[in-house]
1. Within region 34-64, track down each residue that is hydrophobic (A, V, I, L, M, F, W, C) and surrounded by fewer than 19 Cβ atoms within 10 Å (Cβ to Cβ).
2. Among the residues of region 18-74 satisfying the criterion of being acidic (D, E) and assigned to a loop (DSSP other than H, G, I, E, B), which is farthest from the chain's Cα centre (by Cα)?
3. Kindly provide the set of residues from region 36-95 that are farther than 14 Å from I22 by Cα and among the aliphatic types (A, V, I, L, M), ordered by number.
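Every number in this text was worked out from the coordinates using simple rules, so none of it is lab data. This structure is a prediction, so every number in the text was calculated from the model and none was measured. Cβ sites come from the backbone with ideal geometry, for glycine too, and all protein chains shown count toward neighbours.
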Amino acid sequence: MTLYAIQKSSTSINLGITTKHICAICGDRASGKHYGVYSCEGCKGFFKRTVRKDLIYLCRENRNCIIDKRQRNRCQYCRYHKCQSMGMKREGHFL
């Protein structure tokens with residue numbers, strides 16, 4: 001007698017129950033809630049480095065640069081201020 005094992009597929013079916021979140025800072029796909037705000041890994045890391053190193057940035061334009069997925073690295077000043085205006089908090093990683 002020969003026995004055969006049947007393996008069920010380990011892939012899960014997405015029924016639309018989970019919602020996809022967008023980074024509040026740049027509009028990229030968020031990886032979760034970081035520092036109190038849904039954000040992508042890039043903006044999370046940027047905010048973390050800025051806070052931990054107490055960095056201060058200057059804007060070369062008029063302090064109203066576009067911060068989106070493509071241009072988020074162009075102006076650190078405006079990116080950091082957008083992080084703050086969207087609700088990111090230094091103590092947010094403890095939330």
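1. V51, L55, I56, L58, C59 - these are the residues of region 34-64 that are hydrophobic (A, V, I, L, M, F, W, C) and surrounded by fewer than 19 Cβ atoms within 10 Å (Cβ to Cβ).
2. For region 18-74, the residue satisfying everything is E61.
3. Correct list: V51, L55, I56, L58, I66, M88, L95.
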